[in-house]
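Colleague: Before we start, here is the structure in question, set down as structure tokens.
The values are calculated or read from the model by the stated rules, or taken from the named source; none is laboratory data. Bear in mind that the values here come from a model prediction, so they are computed numbers and not experimental data. We place every Cβ from the backbone using ideal geometry, glycine too, and count neighbours over all the protein chains shown. Note: areas computed on protein heavy atoms with side chains; ligands, DNA, RNA excluded. Shrake-Rupley method; radii C 1.70, N 1.55, O 1.52, S 1.80 Å.
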Amino acid sequence: MERHGRRPRDHGARAPADQDAELPRQPTGERVNQHGSGIPLDFSEEVSEALQAGNPVVGLESNVITHGLPYPNNLSAAKQVEEAVRSSGSVPATIGIDSGRIIIGMSDTDIERFASASGIPKVSSRDLPVILAQGGMGATTVASSLVCAELAGIPFFSSAGIGGVHRDAETTMDISSDLIQFTRSKVAVVCAGAKNILDLKLTMEYLETHCVPLISYQSDDFPAFYCASSGIRSPHRIDDEEVIARVVENHWATGSNSSVLITTPPREEDAVDRDEAEAAVAAALADAEKEGIRGNAITKYLMRAVDKLTGGRTGEANMAVLISTAEVGGRLAAAHAKHLRAAL
Ligand code: PSU
Ligand code: MN
């Protein structure tokens, strides 16, 4: 049976990952994506096989590698994130752009290149067609990774902290493209809520307004990334993975073409106290204002500033929550794949 009508029609594996990190990756021949639109997708063999067999795959972003964490923490986090997805029975597919081609499932060599190279641009949805046309490298945000995951026929995605409505959005109009992309991509997104540098109430309002289901797995509150709770109650708590799989399918079966957002909080031992984080965020926001940081640079600036102000505490928590979220993402994707099989 064709899965959601989104399974790629043909996607042979790309070349084995034994290239020199300094050399651009070699195109491995034309791939046909689900729109048949000629955008080249380079699948890893592992991801390609899993999709063909109907086994669970979890899409992962690469902007968090290039812009979220400093080297070498980014490298170790990216590898541990993939391990976490595997440990819960799914196949990781880290997504990025190289030579104007979409990588669906980075090799270790790819991950090392993305983690260590400087100057790889942050690519959100608005940037994606440009980078593909220019033929360069790009690190995909949650938003553009969802575009790629859907093209590749991957129904599950995991990232620790989604973008959202910024605290001063009434004057800056800064609302992350991640939110807008959720209204357009049929992908289930597992996350630890949104970063506490954002206005989480407005972020949740936006999702409600745009009919994006928000459910919290085995927890009551909308988490705030590395804080266990934002202090805001989630509209739905669901403890059973099979029920979550049904929610995802019901959303699409009732004609919605948008994402389903599933939150999971950081583990207790990894979480940062909300008041401690809040004080650092307030100071970081004031610094950003003074320095005139705006647009797509603000997220990275604030994350680094908060980390400095907390003596490295939030950077560590950031890594931990990326890994624990990926483990849950893998578990939920596996339950979803099992549900689809049972429905055959
Ligand atoms: N999570 C992190 N650090 C980050 C991000 C997420 O811990 O840097 C990135 C993600 O790639 C997310 C992006 O998609 O921030 C949102 O950026 P913006 O607010 O500019 O849309
Ligand atoms: Mn923005």
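Colleague: Within 11 Å of ligand 1 (Cβ to nearest atom), within 30 Å of ASN74 (Cβ to Cβ) and at pLDDT 95 or above, is that true of ILE232?
Modeller: Working: within 11 Å of ligand 1 (Cβ to nearest atom): no; within 30 Å of ASN74 (Cβ to Cβ): yes; at pLDDT 95 or above: yes.
Considered against the rule, which asks whether it is within 11 Å of ligand 1 (Cβ to nearest atom), within 30 Å of ASN74 (Cβ to Cβ) and at pLDDT 95 or above, ILE232 comes out as no.
Colleague: Select the helices (runs of 4 or more DSSP H) contained entirely in the stretch 141-191, then report the ones holding at least 2 residues which are within 21 Å of MET319 (Cα to Cα) and within 13 Å of ligand 2 (Cβ to nearest atom). Spell out how you get there, then give the answer.
Modeller: Numbers: elements: 142-152, 169-172, 177-182.
In the stretch 141-191, 142-152 are the helices (runs of 4 or more DSSP H) which contain 2 or more residues that are within 21 Å of MET319 (Cα to Cα) and within 13 Å of ligand 2 (Cβ to nearest atom).
Colleague: Inside the stretch 254-310, can you point out the residues that are within 14 Å of ligand 1 (Cβ to nearest atom) and of a type in the set (Gly, Ala, Ser)?
Modeller: Once the filter is applied, which keeps residues that are within 14 Å of ligand 1 (Cβ to nearest atom) and of a type in the set (Gly, Ala, Ser), the stretch 254-310 yields SER259, ALA277, ALA284, ALA288, GLY295, ALA297, ALA305.
Colleague: Taking ILE111 and the conditions (1) in the same structural domain as GLU61 (by TED's automatic domain parsing); (2) open to solvent by 10 Å² or more (accessible area, probe 1.4 Å); (3) assigned to a helix (DSSP H, G or I), which numbered condition does it fall short on, given that it satisfies the others?
Modeller: Single failed check for ILE111: (2).
Colleague: Answer with yes or no whether ARG267 is among the charged types (D, E, K, R), touching a strand residue (DSSP E or B) at 6+ places or on another chain (Cβ under 6 Å), open to solvent by 10 Å² or more (accessible area, probe 1.4 Å) and in contact (Cβ under 8 Å) with a residue 12 or more places away in the chain. It would help to see each step written out before you state the result.
Modeller: Working: among the charged types (D, E, K, R): yes; touching a strand residue (DSSP E or B) at 6+ places or on another chain (Cβ under 6 Å): no; open to solvent by 10 Å² or more (accessible area, probe 1.4 Å): yes; in contact (Cβ under 8 Å) with a residue 12 or more places away in the chain: yes.
Taking the combined requirement at face value, the residue does not satisfy it.
Colleague: Name the single residue, out of those in the stretch 86-108 being surrounded by 20 or more Cβ atoms within 10 Å (Cβ to Cβ), more than 13 Å from the chain's Cα centre (by Cα) and among the polar types (S, T, N, Q), that is nearest to LYS195 (Cα to Cα).
Modeller: Result: SER90.
Colleague: Let me ask something else. Which one of these is over 20 Å from ALA224 (Cα atoms) and not aromatic (Phe, Trp, Tyr): ASP287, ASP275, ASP307? Don't jump to the end; show me each part of the working.
Modeller: Details: ASP275 fails: over 20 Å from ALA224 (Cα atoms); ASP307 fails: over 20 Å from ALA224 (Cα atoms).
The match here is ASP287.
Colleague: Now for a separate question. Would you mind stating whether ILE175 is open to solvent by less than 20 Å² (accessible area, probe 1.4 Å), among the aliphatic types (A, V, I, L, M) and modelled with pLDDT of 95 or more?
Modeller: Working: open to solvent by less than 20 Å² (accessible area, probe 1.4 Å): no; among the aliphatic types (A, V, I, L, M): yes; modelled with pLDDT of 95 or more: yes.
Criteria not met by ILE175.
Colleague: Further question on the same structure: Quick test for you: out of ALA194, ALA133, pick the one residue that is within 13 Å of ligand 1 (Cβ to nearest atom) and of a type outside the set (Ser, Thr, Tyr).
Modeller: On the way: ALA133 fails: within 13 Å of ligand 1 (Cβ to nearest atom).
Result: ALA194 is the single residue among ALA194, ALA133 that is within 13 Å of ligand 1 (Cβ to nearest atom) and of a type outside the set (Ser, Thr, Tyr).
Colleague: In this structure, does GLU83 turn out to be surrounded by fewer than 17 Cβ atoms within 10 Å (Cβ to Cβ) and in a helix (DSSP H, G or I)?
Modeller: Working: surrounded by fewer than 17 Cβ atoms within 10 Å (Cβ to Cβ): yes; in a helix (DSSP H, G or I): yes.
The answer is yes for GLU83.
Colleague: Follow-up. Kindly indicate whether MET303 is within 25 Å of GLN181 (Cα to Cα), open to solvent by less than 40 Å² (accessible area, probe 1.4 Å) and at pLDDT below 95. Let's see the steps before the verdict.
Modeller: Details: within 25 Å of GLN181 (Cα to Cα): yes; open to solvent by less than 40 Å² (accessible area, probe 1.4 Å): yes; at pLDDT below 95: yes.
The answer is yes for MET303.
Colleague: What number goes with the only condition from (1) at pLDDT below 95; (2) within 24 Å of TRP252 (Cα to Cα) that PHE182 does not pass?
Modeller: The one condition PHE182 does not meet is (1).
Colleague: Another question about this same structure. Considering only the stretch 210-228, state which residues are open to solvent by less than 30 Å² (accessible area, probe 1.4 Å) and under 20 Å from the mean Cα position of the chain (by Cα). First the steps, then the outcome.
Modeller: Our first condition is that a residue be open to solvent by less than 30 Å² (accessible area, probe 1.4 Å); within the stretch 210-228, this holds for 212, 214-217, 219, 222-227.
Passing the criteria: VAL212, LEU214, ILE215, SER216, TYR217, PHE222, PRO223, ALA224, PHE225, TYR226, CYS227.
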